[in-house]
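These notes concern the structure reproduced below.
The values are calculated or read from the model by the stated rules, or taken from the named source; none is laboratory data. Owing to the predicted nature of the structure, the values given are computational and were not obtained by experimental measurement. Ideal geometry is used to build each Cβ from the backbone, glycine not excepted, and the neighbour counts take in all protein chains shown.
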């Protein structure tokens, strides 16, 4: 199968100037599957999301440099032909500090999640057969033509709240982290939170793990104790 790298004219597809998506992964079938799902969900709302694709880090950097004003989200795999682990993320963020990069990985490791967020990733999504987590995250950004309610920030990764941990350090939480934290404090289980937030339990577990790491605690009970 040939590499499916969209031409530069791809961003002319939506006359309304919809935010585009850059998918960086060397697996052709995953890129094709994600592209198909994204366009199918977007079509339900009567819009089309421009999608660019890259197989390598260098291709991704070149595409982002040319189309950065029209790219609303970068999905970056951690294992590319010219980058391995978090090196690709670090290189991308170094070149474009404000780039909305989200890690797309087949590894569900809380430690890796923490390091990815620390190096500038907006979120950490795990690959699954149906890619529900990825589609769900894209939906929270309003990219399918269904923006969040007016009383909420437009982006799921926008800083919403500042909270101090047990050491007095001021932590910046995103909207989604703040939502999950509120539900934890209310005694909601991962399953309950997943149902309320329209996320998979795996995604909720990632958010919970990230919160535990941010606050330096090992359990929900310790987290609740620190904040009460």
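Pull up the stretch 95-115, narrow it to residues that are part of a helix (DSSP H, G or I) and either free of Cβ contacts under 8 Å to residues at least 12 places away in the same chain or more than 15 Å from residue 58 (Cα to Cα) (or both), then point me to the one that is nearest to the chain's Cα centre (by Cα).
Step one: of the stretch 95-115, the residues part of a helix (DSSP H, G or I) are 95, 110-115.
When the remaining residues are screened for being either free of Cβ contacts under 8 Å to residues at least 12 places away in the same chain or more than 15 Å from residue 58 (Cα to Cα) (or both), the result is 110-115.
On the way: 110: 15, 111: 17, 112: 14, 113: 11, 114: 14, 115: 14 Å.
Here the answer is 113.
The one condition from (1) surrounded by 15 or more Cβ atoms within 10 Å (Cβ to Cβ); (2) within 18 Å of residue 21 (Cα to Cα); (3) at pLDDT 90 or above that residue 97 does not meet is (1). Do you know which residues across the stretch 179-195 are over 20 Å from the mean Cα position of the chain (by Cα) and either surrounded by fewer than 17 Cβ atoms within 10 Å (Cβ to Cβ) or free of Cβ contacts under 8 Å to residues at least 40 places away in the same chain (or both)? Once the filter is applied, which keeps residues that are over 20 Å from the mean Cα position of the chain (by Cα) and either surrounded by fewer than 17 Cβ atoms within 10 Å (Cβ to Cβ) or free of Cβ contacts under 8 Å to residues at least 40 places away in the same chain (or both), the stretch 179-195 yields 182, 183, 185, 186, 187, 188, 189, 191, 192. Reported count of residues in the stretch 30-58, each being within 20 Å of the chain's Cα centre (by Cα) and either within 15 Å of residue 79 (Cα to Cα) or in a strand (DSSP E or B) (or both), is 9.
Residue check: residue 217 meets all listed conditions (1) at pLDDT 75 or above; (2) closer than 25 Å to residue 72 by Cα; (3) not in a helix (DSSP H, G or I) but one, namely (2).
Counting the residues of the stretch 84-94 that are in contact (Cβ under 8 Å) with a residue 12 or more places away in the chain, out of contact with any strand residue (DSSP E or B) (no Cβ under 6 Å at 6 or more places or on another chain) and farther than 17 Å from residue 127 by Cβ gives 3.
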